[in-house]
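These notes are about the structure you will find just below.
What follows is calculated from the coordinates using simple rules that are stated; it is not laboratory data. Everything numeric in this text was worked out from a predicted model, so none of it was measured. Please note: Cβ atoms are built from the backbone with ideal geometry, for glycine as well, and neighbour counts cover all protein chains shown.
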Amino acid sequence: MQLEFYKYQGTGNDFVMIDNRSNFFPKDDVKLIERLCDRRFGIGADGLILLENDKDTDFRMVYYNSDGNQSSMCGNGGRCLVAFANQLGVIKDKTIFIATDGLHHASVGEDAIVSLGMIDVDEVQKKDSYTFLNTGSPHHVQIVDDLEHYNVKENGSAIRYGELYGEKGSNVNFVKKVDNDTFSLRTYERGVEDETLACGTGATAVAIAMNAIGETDKTSINLNVEGGKLVVSFDKNGNQFTNVFLTGPAKFVFKGTIEI
Ligand SMILES: N[C@@H](CCC[C@H](N)C(=O)O)C(=O)O
């Protein structure tokens, strides 16, 4: 069977997109999804996303990591799916859709910039050497010296599989402060089991964590990721972070068919 796919990327976090409104895709075929995401034996991507019909919203997002398993929310994937829905004509420039962590508002602007509403955050665990929070996916956030030369894969994997997070694990973000409203980060992604060029829920977690621990008093924060630039904005009320938006480019790369 020939499978039609679209490839998108958001600051270098790349995804295979499939229009599954007719419900044809074998959703439990972990091996197939892993092969489609494989950079040598398949199309190549950090994850695969299905766009499906939903009776109450514009569409449903179903997200898989490149290991073939369904996972929690993907911020860059969500932004790319909004651009994909726009390309398919499912939405115009504003949308509400449903994902695993609930409803998301989003808008498509000029130059493929997509702004995505993220879940509210009301718990930030502040520890001596790191912060942990859930922005739709779990994120460990840690400031490090010499981020440019830091071994993200080795240190990220040790934390992800270490005793802190048990079997479920966590995504791991290493951070450097650039100035009061800009931070650089590099992310080790659970389910990809490697550093990716960007992580949207990770950038969101870093922005909120840096505000929560007093590294910045800003509520609109620039994030330099390996694949480009993102902006995260939010409202803060005590320990509550609401109206959280993740903004950045979400670009169509190519489409094609692959034999499955
Ligand atoms: N790339 C993502 C995060 C995807 C989910 C993550 N790998 C997990 O399983 O927790 C993003 O942009 O947020």
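Please get the size of the charge dipole for the range 73-219, origin at its Cα centre, with Cβ charges of +1 on Lys and Arg and -1 on Asp and Glu, quoted in debye to the nearest 20.
Using only the charged Cβ atoms, the result is roughly 320 debye.
On alpha-carbon atoms, Rg over Rh for the range 55-162 using Kirkwood Rh?
Here Rg/Rh amounts to 1.04.
On the principal axes of its Cα set, how long, how wide and how thick is the range 122-260? Give whole Å, largest value first.
Here the spans come out as 53, 34, 29 Å, largest first.
Share of antiparallel DSSP beta bridges in the chain, in percent to the nearest 5?
Restricted to the chain, the bridges split so that about 80 percent are antiparallel.
Can you work out the Karplus-derived ³J(HN,Hα) for every residue in the range 248-260? Use 6.51 cos²θ - 1.76 cosθ + 1.60 with θ = phi - 60°, whole Hz, and x for glycine or proline.
Along the range 248-260, the couplings run x, x, 9, 10, 6, 9, 6, 10, x, 10, 9, 6, 10 Hz.
Amide H of residue 62 versus every other amide H placed in the peptide plane: which residues, excluding those fewer than 5 positions away on the same chain, fall under 5 Å?
Long-range HN contacts for residue 62: 50, 52.
Mind scanning 229/251; 55/92; 31/229 and naming the pairs with a C-alpha gap bigger than 22 Å?
Result: 31/229 exceed 22 Å.
How large is log10 of I(q)/I(0) for the range 1-116 at q = 0.19 Å⁻¹ when the intensity is taken from the Debye formula with one equal scatterer per alpha-carbon?
The computed values of log10 I(q)/I(0) come out as -0.96.
Could you tell me the center-to-center distance, by alpha carbons, between the range 153-173 and the range 7-68 in angstrom?
24 Å
Just check the range 85-142 against the gyration tensor rule for me: Cα atoms, a ≥ b ≥ c as the square roots of the eigenvalues, rounded for a/c under 1.5, and otherwise prolate or oblate depending on whether a/b exceeds b/c.
The shape class here is prolate.
Let's test this: bin the Cα-Cα distances of the chain at 5 Å from zero up to the farthest pair and state each bin's percent.
1, 6, 14, 19, 20, 17, 12, 7, 3, 1, 0
Put +1 on the Cβ of each Lys and Arg and -1 on the Cβ of each Asp and Glu in the range 209-260; which of 213, 253, 241 then has its Cα farthest toward the positive end of the dipole?
253
How big is the charge dipole of the chain about its Cα centre, in debye rounded to the nearest 20, if each Lys and Arg gets +1 on its Cβ and each Asp and Glu gets -1 on its Cβ?
So the magnitude is around 360 debye.
Cross-link candidates for residue 236: which lysines have Cα within less than 16 Å, leaving aside residues fewer than 8 places away along the same chain?
218
Can you pull a Stokes-Einstein diffusion coefficient for the range 180-244 at 37 °C (0.692 mPa s), Rh from Kirkwood over Cα pairs, as a whole number of µm²/s?
271 µm²/s
What nm value, rounded to one decimal, do you get for the distance between residue 67 and residue 218 when each label is placed 7 Å out toward the C-beta?
A separation of 3.4 nm, rounded to one decimal place.
What does the charge add up to near residue 195, with Lys and Arg as +1, Asp and Glu as -1, over the other residues with Cβ less than 9 Å from its Cβ?
-1
Just from its helices, what would the mean residue ellipticity at 222 nm be for the chain, if runs of 4 or more DSSP H residues each count -39500 (n - 2.57) and the sum is divided by every residue, rounded to the nearest 500 deg cm²/dmol?
Only helices count here, giving -5000 deg cm²/dmol.
For the range 25-99, which chymotrypsin sites (Phe, Trp or Tyr not before Pro) pass both filters: DSSP loop (anything but H, G, I, E, B) and at most 15 other C-beta atoms within 10 Å?
Counting only loop positions with at most 15 other Cβ atoms within 10 Å, the chymotrypsin sites (Phe, Trp or Tyr not before Pro) in the range 25-99 are 41.
Provide the gained length on full extension for the span residue 123 to residue 41, in nm with one decimal, where the gain is 0.36 nm per separating residue minus the Cα-Cα distance.
25.4 nm
Are there any GluC sites (Glu not before Pro) in the range 130-196 that are in a DSSP loop and have at most 15 other Cβ atoms within 10 Å? List them by number.
Of the GluC sites (Glu not before Pro), the ones in loops of the range 130-196 whose Cβ has at most 15 other Cβ atoms within 10 Å are 163, 167.
Considering only 89, 51, 74, whose Cα is most displaced toward the positive end of the charge dipole of the range 14-100, charges sitting on Cβ of Lys, Arg (+1) and Asp, Glu (-1)?
So the residue we want is 89.
Using 7 Å Cα-to-Cβ label points, what is the residue 53/residue 255 separation (nm, one decimal)?
Inter-label distance under the simple model: 2.0 nm.
Summing +1 for each Lys or Arg and -1 for each Asp or Glu, what net charge is found among the other residues whose Cβ lies under 10 Å from the Cβ of residue 256?
Once all neighbours under 10 Å are counted, the net charge is +1.
For residue 233 and residue 144, FRET efficiency with R0 = 25 Å and r from the beta-carbon atoms, rounded to 0.05?
Efficiency computed from Cβ-Cβ geometry: 0.50.
Would you mind calculating the relative contact order of the chain from Cα pairs under 8 angstrom and at least 6 residues apart, reporting the percent as a whole number?
Once divided by the residue count of the chain, the mean separation gives 22 percent.
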